[in-house]
Amino acid sequence: MHIDGNAIGGVVTGPSGPEAGVWVIAETTELPTKLARMVVTDDQGRYVVPDLPKARYKVWVRGYGLVDSPKVDGEPGKPLNLRAVAAPTEAAAAQYYPAIYWYSMLNIPDADQFGGKSNIPANITQSDWLTVVKNRSCVGCHQLGQLSTRTIPASLGQFESGERAWIRRVQSGQAAPLMLNPLTQVLGGVPFKYFGDWTDRVADLIASDRRYPTVNAYGKLYGSPEYATDNYPILDPKTHTVTTFRAPVRDADTPEALGPGHAAIEKPMAPSPYWGEEKLWDTKANNHNGMFDRKGRVWFAAVVRGPKNPEFCQKGSDHPSAKLFPLERTNRALTFLDPKTMKYTFVDACFQTHHLQFGYDANETLWTSGGGPVLGWVNTRMFDETGDAAKSQGWTAFVLDTNGNGKRDD
């Protein structure tokens, strides 16, 4: 098979011949950032890892039913045949299964444990339990099931049971309340038994505008550390380099985005198994995520100023949305960064922001979901024309239409 000068390729064989459908991983640390590229073999065991910058690579095979093969040296332009290694046991093979495979082994209380028939709070249904464990709280920030979460770090100490270990684990670091509250206040502390049983048994970038995916073609990728820091990581996939942009806040007296009203606290509740008692998080901007617009600018759900809203958001304002539902406080608003000029623009919003999605309308409306009682939006076309954040935004309360007439009434 022909191998281009910027590719590594060959054939993967195993104990029974060519290995189809296995991963070949090529990794180098000789570039400004570590680069790893993965491909899958065809039905004849052939592979090509394309478009590799000139460097020396470690190359190996990974697959279901296998263990990682020895890492061998490879260079672009040179063929490289590889030998897959069969897993000696089922347990060894399972170490490479995806996190969700392991997390699916977590037991869920039977239906007869709900409705006040056990220690689970009487108002909690099985669906409520699944929402916390599967959809929101537990998996909102962590990929549960990978090695570090399905095992207990030795640095946490020795515990009489997995249940006690999990009670200690979720007290670690500045995000402890976000982990503790759903498990204790909402579910009554009962999940610790199930997570402990699980552990004893098995011992989260934006690259383009989703509407127009050619925006930012071959451009830089923008990340978000959220509560950790105001330094936004920027990866250049062409040069394999990483830079950072330190996001400012508009008002000098803006407090850290930690403590009451936030998902993280000012200081660790208990030592982390990795960082001890060190206070690592110090963000003010607290960006949650970014979203490209059609012009190639990156919009962020980030802090602009302190939590008290400007007067146009509050009761007595002439703003149409404020007349219907005034808002006094918000923790996040909106900003955007122009990668061409690196100009960072504040868009002061009355409503809470969290996730961002651009609409397909002529106004290039940016919709936000931030929890709480309202849904907010910004007419970005109007903001570009006027620079007026108040005029360009709106919000509406979530209304349960009990009489089904489609109106805001009784």
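Read-outs throughout are calculated quantities, based only on the coordinates presented, and are distinct from any laboratory measurement. All values derive from a computational prediction rather than experimental measurement. Neighbour counts are summed over all protein chains in view; Cβ atoms, including those assigned to glycine, are modelled from backbone coordinates with ideal geometry.
Below 8 Å, C-alpha to C-alpha, sequence gap of six or more: please give me the relative contact order for the range 319-361 in percent.
Details: 39 pairs, mean separation 15.6, N = 43.
Worked out over the range 319-361, it gives 36 percent.
Put a dot 7 Å past the Cα of Tyr218, heading toward its Cβ, do the same for Asn405, and the two dots end up 6.1 nm apart. Within the same chain, aspartates and glutamates fewer than 8 places from Lys220 are excluded, and of the rest, those with a Cα less than 16 Å from its Cα are Asp209, Asp236, Asp293, Asp338. Straight-line reach from Lys279: which aspartates and glutamates fall under 19 Å, measuring Cα to Cα and dropping same-chain residues less than 8 apart? The qualifying aspartates and glutamates are Glu226, Asp230, Glu256, Glu266. Loop-located chymotrypsin sites (Phe, Trp or Tyr not before Pro) in the range 241-314 (DSSP state not H, G, I, E or B) with no more than 13 neighbouring Cβ atoms inside 10 Å: Tyr274, Trp275. Excluding same-chain neighbours fewer than eight residues apart, the lysines reachable from Lys284 by a Cα-Cα span under 19 Å are Lys267, Lys308, Lys343. Using every pair of distinct Cα positions in the range 8-166, the Kirkwood expression returns a hydrodynamic radius of 19.2 angstrom. Between Leu180 and Leu130, the distance separating the two model label sites (each 7 Å from Cα on the Cα→Cβ line) works out to 3.0 nm.
Between Asp236 and Trp367, the FRET efficiency estimated from the beta carbon spacing at R0 = 35 angstrom works out to 0.75. Which GluC sites (Glu not before Pro) from the range 264-359 combine a DSSP loop assignment with at most 16 other Cβ atoms within 10 Å? Hits after loop and neighbour filter: Glu266, Glu277, Glu278, Glu328.
Chymotrypsin sites (Phe, Trp or Tyr not before Pro) within the range 328-364: which are DSSP loop residues with at most 11 other Cβ atoms inside 10 Å? If you can, show how the numbers build up before the last one.
Details: sites: Phe336, Tyr344, Phe346, Phe351, Phe358, Tyr360; in loops: Phe351, Tyr360.
Passing sites in the range 328-364 are Tyr360.
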